[in-house]
């Protein structure tokens, strides 16, 4: 994750992901000039500037044309290590997936993976440490893109995309099991790797390493620093 700037944003200008409202940042006045109604979407400082290169510009242009709410739903575009990542507002993930699947210029028919990342040591200005990650493949155009949704630990809800991509069923279950991200609307969001009554989510960064009782065997996994070293 990119480090944020040490300079705090102007209170009248909004955060990088929020639109800038008004021309001069005046609030609570009887403004009759019309400038107070001006809304300009601010560019996220973490976004990769255009041109992105390869087919990434074509995908972005096609999605923006097919999806009128593009600027409201997608607040960051990052190209890194030959991969395009679109950061999606969580309440828009299902409809973005629908457009990516169905639009003839996009045709991302396959959801190959749903996983997650836990940024435990995220910067103070990045409180949404859990990220739900989606890898989409266009079988028609032989293209791949990545979607990412950020959620806080105390409200880890994301709409399920199983109605768009049935393959998300067990993948969302695994992500819930390991990271505790709750996929609202999933037909049966139950654990898939751990026992149903397991406490916690093992792939979160603050989950204890070792010393966890093993179900059904009466044994215990020793912490990593006390395990046998193999040479």
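Values quoted throughout were computed directly from the atomic coordinates according to the rules given, and no laboratory measurement underlies them. Not measured: the values here are computed from a predicted model. As a convention, Cβ positions derive from the backbone with ideal geometry for all residues, glycine included, and neighbour counts pool all protein chains shown.
Packing, as the average of other Cβ atoms within 10 Å across residues, places the peptides 61-70, 87-96, 195-204 in the order 87-96, 61-70, 195-204, highest first. Between residue 95 and residue 58, the modelled labels are 2.8 nm apart [label points 7 Å from Cα along Cα→Cβ].
Rounded to the nearest 0.05, what FRET efficiency do residue 196 and residue 167 give with R0 = 25 Å and r taken as the Cβ-Cβ distance? Could you check?
Plugging the Cβ-Cβ distance into 1/(1 + (r/R0)^6) gives 0.65.
Could you give the Stokes-Einstein D for region 60-152 in µm² per second, using the C-alpha Kirkwood radius, 4 °C, 1.567 mPa s? It diffuses with D of about 94 µm²/s by this estimate.
The Cα atoms of region 43-198 cover 48, 37, 27 Å along the three principal axes, with the biggest extent listed first.
Quote the FRET efficiency, to the nearest 0.05, computed for residue 81 versus residue 182 with a Förster distance R0 of 35 Å and r equal to the Cβ-Cβ distance. Write down the numbers at each step before the final one.
Working: r = 30 Å, r/R0 = 0.85.
The value I calculate is 0.75.
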